[in-house]
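What follows is a single structure, written as structure tokens, with notes after it.
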Amino acid sequence: MRILKALVILSVLLIAFDSNAASQITHFFKLYSNKTTVFNFKQTSVNAMSRQKIERTGTLTIKAKKSMVFDYKNERVIINDFEAVDYRDSKKYTYKLTGFNKVLFLLFLGKEDINSLFDIKKIEGGYALTPKYKSNINKVYTYFKNGQIEKLIIVDIYSNRTIYEFYAADRRRTQSGN
């Protein structure tokens, strides 16, 4: 009987802990949806089958309640709530908002509560998010430092990973509020 009581108490504590994790991560991401923010970032894409790594750097501008703009050396990708528009090689490519582009938009600018879109679990140093909606994304790992996003790892159903490491671009620009 004592073991059963202990298991019930432990279950209640774990549920409370995970709901606290959900409110914490929701708070962190809401900050980005309400002001324009600029980050430099390093993006590493890892193919699960071939282990091939592609690394790129750029600047991410989160335009409050509007869009995300990824500026790379020879490419610009604009993500809004409908599509991803890719400008490269003097051409424009438009894609339906799916996969990791959709995850990025939902986290940083989505209109729905993150808790309604993802199952959220606290992990060592961050959070693991599993989409509740139909997606080719298996898991998203988020890590914060001093209330700012530091690292984001998106893993698809084939175990391919896209890793974003963020760092402040320019303190004056990071704090601007549009």
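So what's the net charge close to N47: Lys and Arg +1, Asp and Glu -1, counting the other residues with Cβ under 15 Å from its Cβ? Residues close to N47 contribute a combined charge of +2.
Loop-resident trypsin sites (Lys or Arg not before Pro) (DSSP state other than H, G, I, E or B) in the stretch 89-165 with no more than 16 further Cβ atoms inside 10 Å of their Cβ: K111, K132, K134.
Counting only lysines at least 8 places from K132 when in the same chain, those with an alpha carbon closer than 18 Å to its own are K102, K111, K121, K122. Reported to the nearest whole Å, the Cα centre-to-centre distance from the stretch 61-91 to the stretch 107-163 is 20. Put simply, the convex hull of the Cα atoms in the stretch 26-144 casts, on average, a shadow of 8.1 nm². Peptides 23-32, 59-68 ranked from most to least packed give 59-68, 23-32, packing being the mean of other C-beta atoms within 10 angstrom over each peptide's residues. P(r) of the stretch 74-178 in 5 Å steps, Cα pairs, percent per bin? Once binned at 5 Å, the Cα pair distances of the stretch 74-178 give 2, 10, 18, 22, 22, 15, 8, 2, 0.
Each reported figure results from applying straightforward, stated rules to the coordinates on display, with no laboratory input. Everything numeric in this text was worked out from a predicted model, so none of it was measured. Don't worry about glycine lacking a Cβ; one is built from the backbone with ideal geometry, like all the others, and counts go over all protein chains shown.
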